[in-house]
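Comments concern the structure below.
What follows draws every value from the coordinates through simple rules; no lab data is involved. No experiment lies behind these values; they were computed from the predicted model shown. Cβ atoms come from the backbone with ideal geometry, glycine included; neighbour counts cover every protein chain shown.
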Amino acid sequence: MSDTHTATELKHVPLRHVHEALNAKMVPFAGYLMPVRYTSDLDEHHCVRQRVGIFDVSHMGEFRVTGPQALDLVQWVTTNDASKLQPGQAQYSVLTRPDGTAVDDLLVYCLSATEYLLVVNASNIDKDFDWISSQNRFDATLTNESEAWCLFAVQGPKAQGVLQTLTETNLSDIPYYQFRLGAIAGVEGAILSATGYTGAGGFEVYVPAAQAEHVWNAILVAGQAVGIQPIGLGARDTLRLEMGYALYGHELDDNTTPLEAGLGWVTKLAKADFCGKQALEAQKAAGLAKKLTGFVVEGRGGIPRAGYDVVDGSGAVVGTVTSGTLSPTHGVGLGMAFVQPAALAAGGLQLKVRERLFPIQISKLPPVQA
C-alpha cells in the first residue's frame, strides 16, 4: 500500500515515544516519522514468517461513509463490487479517476447496509478525502476519522493464539477478509480484521487512539512466550514483495490503471457504472501498453531495485522494475516490473544491474510460488 511523501513537516504516530524507547530507527515515510527497523530487517522478516510480529501502521487513513446512499458512493468511487459485501466483510479495491488511473488502493469494510469504513494509504489521506468528497453527489456523509484510530498488524502463524488470549471474540470464526467488532485487552470499540499485508496470516487490529499504547503493550506481553517482536517498515516491504502485493507509488500511481497493475480481479467491469469504467473498458479492448509481472532473477548477484531496466535479447529496454529485493525466505532476487506485453510473450528477458545483465524468469504473482 503506501509510499514515501514529500511533505516537509513530518507527522507522528501516537506511539512514536514507544518505538523510540524500543530503539527503533525512525525514518520519514508517507509523510510520517515511522519505525523502519528495531533489530534487523532479516531478523524481523523471519520472525513474522516463523512466529509472530506486531507492526504499528497507525499512519493509515480511515474514512467513515454513512447514510441511505453510502453504498452508492462507495460503488461509484471504487472498482470492486461493494454490493457483494455483507456486514462483517471487507474487500480490496481501487479508487479511480474518469480516465481509469488510480487515485489509491484501499480496503472497504462493510459495517452495515448504510455504513462503510474505507482504509486508505497514509500518503494519500488528504488527496483521497478530497477526491471522494468531490464525487459525493449522494445522500451520504464522508468523515475523516484518521486521527481517531490506531492500527496494529499482528502477523505470523502464532498471531491468532496471541490475540485470542486478549479477546472474547472467537478469532477462529473470522474467515479471511472478514472482521468483527469487539474488545481487546479490555478496550471496547475495536475492529478485529482477518486481513494483512504479509502473507503470513494474522489480524489487523483497529483501536481508539486514546487506548492504543495499552493495547500495544498488552499484545507484546501476551506474545512474549512465543517470541513476538515489534516489526518495522523494512521487513514489511520484503514480506509484501514475496507475496507480490502492490505498494502505492510503485505498482500503482497517478499514471497507472488497475488493469495495468494486474488488479483486474478487483476491477468489476460488469457492475453498474463507476468512475473510470468506460476508460477501463476501452483500455481492455485496445490492449495494455504495459503489464505488471512478477520475476525471479536467475543466478547469483542480481538484486533488483525499483527503477532498474528490463531488457530483451537485443538489449532494448522493454520494462522497468517497480519493486525488488533479495528474498529473505527464498534467497533469490525477486520483484515486480512493468513490461511491454509483446516482450513478455517473446521471453528471453534480462535485468540490467548497472552494466551487468542477469536472466530473469517471468512468473505469476507472487514471484515465488509457495
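List the aspartates and glutamates whose Cα sits under 17 Å from the Cα of K271, skipping any in the same chain fewer than 8 residues away. Qualifying aspartates and glutamates at Cα under 17 Å: D72, D81, E281. Where both bridge residues fall in the range 289-363, DSSP classifies roughly 100% of the beta bridges as antiparallel.
Cα centroids of the range 313-370 and the range 236-310: 14 Å apart.
Cross-link pairs exceeding 19 Å in C-alpha to C-alpha distance, out of K11/K127; K291/K364; K84/K290, comprise K84/K290. Using just its DSSP H runs of length 4 or more, each adding -39500 (n - 2.57), the chain gives a mean residue ellipticity at 222 nm of -6000 deg cm²/dmol after division by all residues.
Pairwise alpha-carbon distances in the range 289-363 exceed 19 Å for 21% of all pairs. Taking θ as phi - 60° and the Karplus parameters 6.51, -1.76 and 1.60, the scalar couplings of the range 184-195 work out to 9, 6, x, 9, 7, x, 8, 10, 10, 10, 7, 10 Hz in sequence order, x denoting glycine and proline. For the range 322-339, the residues whose backbone nitrogen is under 14 Å from a point 7 Å from the Cα of S40, taken along Cα to Cβ, are 328-329.
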